[in-house]
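First comes the structure, then the notes that go with it.
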Amino acid sequence: MTQQRSQGWPTAIVAGLIIGAVETVLAVAFAAFVYGGLLWRNLPDGVGLYLAAAALTLAMLAWRAGRRGVVGSVQDAAAAVLALAATTAAARAKQLQQVADAAGLTNYKGPDVFLTVIAATLVVTVLCGVVFLILGRRRWGNLIRFVPYPVVGGFLAGTGWLLLTGGIYVTAKVPVDLSRIGDLAASYTLERWLPAFAFGVVLLLVVRIVRRPLAIPVTIGIGLVAFVTVVLATGASLDEVRRGGWLLGPFETTRLWQPWTLRAVAGADWVSVLGSWPVIATAVFVAALALLFNVGGTEIVLDRDLDTNEELRDAGVLNVVSGALGGIPGYHAVSLTALSARMNVDARRAGLIAALVPLTAVVAGASVVELIPRTIVGGVLVFLGLAFIVEWVWDRRTTLSRMEYLVVLVVLAVVIARGYLQGIVIGLVFALVLLAFSYGRVDLVREVAFGDPYRSNVDRSPIQRDALRRLRDRVQILRVSGFVFFGSTARLLARIRARHGPSSPQFLVIDLQRATGLDASAVAAFVKAARLAGAQGSEIVITGASEQVRAQLERGGMTERAGSIGFEPDLDRGLERCEDVLLAQEQPAASEGVAAERDPMPAGLAGFMDRVEVAEGTVLLRQDDPPGDLYVLVDGRLSVETVTPEGRRVRLRILRPGVVVGELTFYTDAPRTADVVAETPCVVLTCARDRIERVQAEDPAAAILLHRWFATTIAQRLGETMHTLDALLD
């Protein structure tokens, strides 16, 4: 049940101003993170771009998703990896200039490093939008959920480390590195980053203890007041505070926003941007993961289901537009959505009003933004980073298994020690291992008994059925389900080896009707299974393989060879093939069974029936037709078939001489339940309904004998069906 939203404009204006103020601080913090390294002089331009992106994110998501209660924001996880992509591209461009200078190329003027970062930002954000749109339009929103949960946790914890170190760097201008510990411990840098770190810790504690949406804006406001109070208490002037590096400014320009992306098209080092593709791909991947996490969190906050694909499409449109303007990736914000929900306001109104706050900051210019304390900016980044780390390192320790928790710690440790890209690589390796381990534990290979429960749908005489029961050990049936890969083929080979020996089966039937696909290792395993079966003197019969699966097997060497490897369209026909060979080898029993089938009718009843020859392919009975005549098959084969709702024709049973056809609907007066088709030229005895009624009136004794025969036939079939059903359900 969704909560009713207040329609009052005053409440929506207050909520919008609070959301907009928080978003403005986040945009400035992310800009300082991305542009605060090699491009500190270009920070006001970066701030302007990110403030514009924040306004655009709030407005577009309010318009497209606000009716569902969603509030958007520029995002921390995307910003962390985007900073890495921008730094990589900038470093490559700067290196080219240094090489040219070292070579004495004084006239060489390399591409602008700032424009190169703008180009990298454009590529990342637009690519995020394109990927979101593709996932949403194709309804592939759940694909990325195949990444194991602890691996995602490791990625997000590593993202938290990037944000944490970025917050320290923004305030101290010293990279967080084991080789620079001495610099971080110096009194000058310590007095700058330690207050920011403390503010981030306080903000985290307040959020975790108070658990109210207003905790973040109120704490940030208190932090600003505390900073001003300390400055006034020390008697420092504004110029002294600026020169001391406590504020973002001073800036050399007063204008915050310019159309930098248009200039980046011609002035950026696109070779360096494209050379940073691993980091760019990582940024898009992490953004997609974070978006889906946020959608799930938004559902909890709003207490309603959201269409993941619709949310992806909305975020996709936003990021394509924002990226074209040089903006940072943005999507659903759980905390801001919670603030809107708790204040019981219309999210569309609140989001549109909130968009005016960062837009106003852009219009006000750099003279206002440069007065923001670095301690607050760095503290917000520290808070965001610690929130990720604490959630996955501390909170999840009780909900994850030991192995899953170890994965989170290992990925985080690799990010800290070696770098984020290396952590992503290790995480993806863990994802494959966990997937293989978990999926490999699922038994996709089921061995079933040949004979009573699993036999072909061919109606055979009692003598033939008894012969097949005696020969049940001559056929091994393995039913394979799901996607067969290197983690699950071991069970297949183990079951084959278990039957290896003096009493090896004559036929190995592998049913792939439920197999969705194979990988290369699975194909190799099937080839090995064929060799094992051949060494045992067994013939392998593959049933139910799709065209794609069969093509994979044939490319691997599993081609049809008489007496060695065979393919059948389904398990029914595969078992029929095995049964025919086994019965042919049992000559006396088979002959006796055929003789019994040739004379199935009680004496004295043949005179009431007409002999009819039926051509191959003739439909003797048609599904859904009204009940009619009865038939007794004398010679040939009849196939009982039906069509599934998907349009696939399925063979239900094969009828051989001596079988009665149409007796059930004769008694129930219901329509025909399936088609009966002549597989071969047939001879049948037909008995019309009106003739049976005449026999009942003229010869009651013959009628009793006829009905008893029909009833016995129905009872036998029902008994066999129930026996098979019990065996399958066991």
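Applying 1/(1 + (r/R0)^6) with r as the Cβ-Cβ distance of K528 and T229 and R0 = 60 angstrom yields a FRET efficiency of 0.20. Annotation: amide H of R139 has no partner in the under-5 Å range at sequence separation 5 or more or interchain, hydrogens built in the peptide plane. Within the shell defined by Cβ-Cβ distances under 13 Å, the residues around A215 carry a net charge of +4, with Lys and Arg each +1 and Asp and Glu each -1. The local environment of V380, defined by Cβ-Cβ distances under 15 Å, has a net charge of -1 under the rule Lys, Arg +1 and Asp, Glu -1. Projecting the Cα atoms of L633, A413, L428 onto the charge dipole of the chain, computed from C-beta unit charges around the Cα centre, puts A413 farthest toward the positive end. In region 336-487, Rg over Rh equals 1.34, where Rg is the alpha-carbon radius of gyration and Rh the Kirkwood radius from pairwise Cα distances. Placing unit charges on the Cβ atoms of the charged side chains and taking the dipole of the chain about its Cα centre, the candidate lying farthest along the positive direction among G235, L115, V81 is G235.
Between R708 and W63, what length comes free when the chain is fully extended (0.36 nm per residue of separation minus the Cα-Cα distance, one decimal in nm)?
Working: separation 645, 0.36 × 645 = 232.20 nm, distance 7.56 nm.
Net length gain for the segment: 224.6 nm.
Heavy atoms only, probe 1.4 Å: what % of the accessible area of region 125-221 goes to carbon and sulfur, would you let me know? Accessible surface attributable to carbon and sulfur in region 125-221 totals 68 percent.
Charged side chains reduced to their Cβ positions (Lys and Arg at +1, Asp and Glu at -1) give region 325-476 a dipole of some 540 debye around its Cα centre. From its DSSP helices (H runs of at least four residues, each -39,500 (n - 2.57)), the chain gives a residue-normalised ellipticity at 222 nm of -20000 deg cm²/dmol. Taking amide hydrogens as placed 1.01 Å from N in the peptide plane, the amide H of V345 sits under 5 Å from those of S6, each at least 5 positions away in sequence or on another chain. Distance distribution P(r), region 317-375, all Cα-Cα pairs, bin width 10 angstrom from 0: 17, 36, 40, 7 percent.
Relative contact order of region 445-560, please, whole-number percent, based on alpha carbon pairs below 8 angstrom and at least 6 residues apart.
Values: 163 pairs, mean separation 30.6, N = 116.
The value is 26 percent.
Charges at C-beta only: +1 for Lys and Arg, -1 for Asp and Glu. How large is the resulting dipole of region 276-346 about its Cα centre, in Debye rounded to 20?
Its charge dipole is roughly 280 debye.
Legend: helices of the chain (whole DSSP H runs) are marked when their alpha-carbon atoms reach 27 angstrom or more along the helix axis and their mean Kyte-Doolittle hydropathy is at least 1.6; marked are 9-35, 113-137, 215-234, 277-302, 374-393, 420-440.
Net charge near R691, counting Lys/Arg +1 and Asp/Glu -1 over other residues with Cβ under 15 Å of its Cβ? Residues close to R691 contribute a combined charge of -4.
Accessible area of region 373-432 with a 1.4 Å probe: how many percent of it is carbon plus sulfur? Of all accessible area on region 373-432, carbon and sulfur atoms account for 68 percent.
Which percent of the accessible heavy-atom area of region 238-336 goes to carbon and sulfur, probe 1.4 angstrom? Carbon and sulfur together cover 62 percent of it. As a length-normalised measure over Cα pairs under 8 Å and 6 or more apart, the relative contact order of the chain settles at 17 percent.
Name the shape class, rounded, prolate or oblate, that the alpha-carbon gyration tensor gives for region 230-351, where a ≥ b ≥ c are the square roots of its eigenvalues, rounded holds for a/c under 1.5, and otherwise prolate holds if a/b is larger than b/c and oblate otherwise. Because a/c hits 1.5 or more and a/b fails to exceed b/c, region 230-351 counts as oblate. Projecting the Cα positions of T673, A287, T686 onto the charge dipole of the chain (unit charges on Cβ atoms of Lys, Arg, Asp and Glu, taken about the Cα centre) puts A287 furthest along the positive direction.
Cα centroid separation, region 333-365 to region 642-679: 66 Å.
I need the calculated FRET efficiency for the pair S546 and D580, taking r as the beta carbon distance and R₀ as 22 Å, to the nearest 0.05. Write down the numbers at each step before the final one.
Details: r = 25 Å, r/R0 = 1.14.
Efficiency computed from Cβ-Cβ geometry: 0.30.
Once the chain from V271 to M403 is taken as fully extended at 0.36 nm per residue, the excess over their C-alpha distance is 43.4 nm. The figure for I426 is an accessible area of roughly 60 square angstrom, using a 1.4 Å probe on the protein chains alone.
The Rg/Rh ratio for the chain, using Cα coordinates for both the radius of gyration and the Kirkwood hydrodynamic radius, is 1.19. Here the gap between T668 and E310, fully extended at 0.36 nm per residue and compared with their Cα-Cα distance, gives a gain of 123.8 nm.
Mind putting a number on the dipole of the chain about its Cα centre? Charges go on the C-beta only, +1 for Lys and Arg and -1 for Asp and Glu, and I need it in Debye to the nearest 20. Don't skip to the end; give the middle numbers.
Working: 69 positive and 66 negative charges, 511 e Å.
Computed charge dipole of the chain: roughly 2460 debye.
The residues of region 377-423 expose on average 46 square angstrom of accessible surface per residue, using a 1.4 Å probe on protein heavy atoms.
The values are calculated or read from the model by the stated rules, or taken from the named source; none is laboratory data. Remember, predicted model here, so these are calculated numbers, not experimental data. No Cβ is skipped: glycine too gets one built from the backbone with ideal geometry, and neighbour counts run over all protein chains shown. SASA here: full protein model, heavy atoms, side chains in, ligands and nucleic acids out. Shrake-Rupley method; radii C 1.70, N 1.55, O 1.52, S 1.80 Å.
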